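The block underneath contains the structure these notes are about, expressed in structure tokens.
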Amino acid sequence: MTARRSLVSRTSWAIPLAAAMVFASKAFAQSDQLPTAFLGGFLLFFWIFLFGLYVYTALALQTIAQKTNTENAWLAWIPIANIFLMLMVAKKPLWWFILFLIPLVGIVMYVLVWMGIAEARQKPNWWGILTIVPIANLIVPGYLAWAD
């Protein structure tokens, strides 16, 4: 008997709370469109930003490949193939692609490959280390591509 009574006492607050939420949602029904519109606008901005970032990186990598006389510079536009292009520009073995797939090793490989790309462009190799710095990683591909 006490187990049933404690269960009832524990759940006795749920029914009034649910009723209050139903009536409150009716009162604020018109404001439900604002968060949805805000989220939709944010997602649109986010996708446009990511698309612009992808185009910038692909153009920079394609320019780097052309300046280093690497074959198939158009591989910069294909998502997985651009890693192979980076390995070819940096003159690293293509089997290193497998190391990119290992979670923590992939970060180290990314830095090492960008260091090799910087050396291929006759720049100091510490530019490759800057790829792990949050804002500098946006500047490094452009600098290596378009700076003389």
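Results for (1) in contact (Cβ under 8 Å) with a residue 12 or more places away in the chain; (2) touching a helix residue (DSSP H, G or I) at 6+ places or on another chain (Cβ under 9 Å); (3) of a type in the set (A, V, I, L, M); (4) surrounded by fewer than 16 Cβ atoms within 10 Å (Cβ to Cβ), shown as yes or no for each residue.
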| position | (1), (2), (3), (4) |
| --- | --- |
| 91 | yes, yes, no, yes |
| 94 | no, yes, yes, yes |
| 100 | yes, yes, no, no |
| 116 | yes, yes, no, no |
| 127 | yes, yes, no, no |
| 139 | no, yes, yes, yes |
| 146 | yes, yes, no, yes |
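Could you check residue 71 against (1) over 17 Å from the mean Cα position of the chain (by Cα); (2) surrounded by fewer than 13 Cβ atoms within 10 Å (Cβ to Cβ); (3) within 25 Å of residue 50 (Cβ to Cβ) and say which number it fails?
(3)
If a residue has to be surrounded by 13 or more Cβ atoms within 10 Å (Cβ to Cβ) and either touching a Pro at 6+ places or on another chain (Cβ under 9 Å) or within 23 Å of residue 134 (Cβ to Cβ) (or both) to count, how many in segment 74-89 make the cut?
The qualifying residues number 5.
Can you pull out the helices (runs of 4 or more DSSP H) entirely within segment 77-148 that have at least 3 residues that are under 18 Å from residue 56 (Cβ atoms) and at pLDDT below 95?
136-146
Yes or no: segment 32-45 includes at least one residue that is hydrophobic (A, V, I, L, M, F, W, C), touching an Asp or Glu at 6+ places or on another chain (Cβ under 9 Å) and at pLDDT 90 or above. Before the answer, list the steps.
Within segment 32-45, the subset hydrophobic (A, V, I, L, M, F, W, C) is 34, 37-39, 42-45.
Retained after the next criterion (residues that are touching an Asp or Glu at 6+ places or on another chain (Cβ under 9 Å)): none.
For segment 32-45, residues hydrophobic (A, V, I, L, M, F, W, C), touching an Asp or Glu at 6+ places or on another chain (Cβ under 9 Å) and at pLDDT 90 or above: absent.
The values are calculated or read from the model by the stated rules, or taken from the named source; none is laboratory data. This structure is a prediction, so every number in the text was calculated from the model and none was measured. Here the Cβ is made from the backbone with ideal geometry for all residues, glycine too, and neighbour counts use every protein chain on show.
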